Amino acid sequence: MLIRIGYDIEIEFKAPVAPTALIYMLQVHPSRQGDVRGGEHITISPPLRTDHYLDAFDNHCARVHVDAGVKTVRLRNDAAVHDSGLPDVQDLGAMQWGLADLPVETLRFLLPSRYCEVDSELLPFAWKRFSSTPLGWARVQAICDFAHQHVRFDYQRACATRGGLGAYRERVGVCRDFTHLAITLCRCMNIPARYVTGYLGDIGVPAVPSPMDFSAWFEVWLGQRWHTFDARHNVPRIGRIPVARGLDAADVPITMAFGEQTLKRFEVRTEEVREGLGA
């Protein structure tokens, strides 16, 4: 299938007395670039000099040079991405590695990070709650089930400073809170887990009436590869298109503007292109 993706984001600056910068992670992750049909059509208004680079997690990043006196920067994109149309792959027999045998490149995804407080009350809780579950896929699924049931989704209760511990204590949040809690519990149980942000439309499920947004889910290392889990929805979904991966949300900001600014517009689109309607 083809999935049309895009966004329209506008940031208003208090006119700087000196040049500043805007960093964004808004391109399809390099692991899926081969699926983008005809490239992404990113426009920046007004036209500003932009540097493109890959960060430590191999995410596409860009730095926009915001000239002194520029009051608004508008970012837009429109693209079509080929997708298998299949739900997330499940491998119920995927094995969990012992700490001494994990690939070294996965070890950093066991450590505490800004929003995943492994070194907290969640560590003894995780071992008490999940140590009797079978190793591997079943254990991660038990963690997903817990986070899905423990946290209540409420878009109005989004909080930029809440981490996994906060989601556990407050029992409310948005997709990033479900994800941070599940990642933290996985790391507590010595399962490498990493944060993913990207597009996830209502494909194959009833449409949600609320405005579209970017979504957050996570991946764990089991067997010989990374596997997708989603503590918020807790069911295999169709049409995930990753944009960025990292230890937690701090590594994958959609935009990072320096200086006093206000988000004036934020519109995201991700939907299946029906056959015969073109891309």
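Values quoted throughout were computed directly from the atomic coordinates according to the rules given, and no laboratory measurement underlies them. Treat the numbers as computed from the prediction; the structure is a model and nothing was measured. Positions of Cβ are backbone-derived with ideal geometry, glycine not excepted, and every protein chain shown enters the neighbour counts.
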Quick calc, the stretch 152-253, dipole around Cα centre from Cβ unit charges on Lys, Arg (+) and Asp, Glu (-), nearest 20 debye, gives 200
Taking N as the number of residues in the stretch 71-174, the ratio of its alpha carbon radius of gyration to 2.2 N^0.38 Å works out to 1.40
Between residue 266 and residue 128, the two model label points (7 Å from Cα along the beta-carbon direction) sit apart by a distance in nm of 3.6
Computed over the stretch 132-279, the convex hull of the Cα set has an average projected area, in nm², of 11.1
So for the stretch 197-263, using the alpha carbon gyration tensor with a ≥ b ≥ c as root eigenvalues (a/c under 1.5 gives rounded; past that, a/b versus b/c decides prolate or oblate), I'd call it oblate
Ranked by GNM mean-square fluctuation in the chain (Cα springs under 10 Å), the top entry among 221, 137, 127 is 127
If the chain between residue 149 and residue 49 were fully extended at 0.36 nm per residue, the gain over the current Cα-Cα distance would be 31.4 nm
Between the residues 211, 59, 80, the Cα farthest towards the positive end of the dipole of the chain, that dipole coming from +1 and -1 charges on the beta-carbon of Lys, Arg, Asp and Glu, is from 211
Taking the alpha-carbon centre of each part, the distance from the stretch 19-92 to the stretch 132-204 in Å is 25
Using alpha carbon positions and the Kirkwood radius, the Rg to Rh ratio of the chain is 0.98
Note on the chain, DSSP bridge orientation, antiparallel percent to nearest 5 equals 95
Using the Kirkwood radius over Cα pairs of the stretch 1-98, the Stokes-Einstein translational diffusion coefficient at 4 °C and 1.567 mPa s, in µm²/s and rounded to a whole number, is 81
Checking 247, 75, 86 against a Gaussian network model of the chain (alpha-carbon springs below 10 Å), the top fluctuating residue turns out to be 86
In degrees, nearest 10, the alpha-carbon axis of helix 175-188 is tilted away from the dominant principal axis of the alpha carbons of the chain by 40
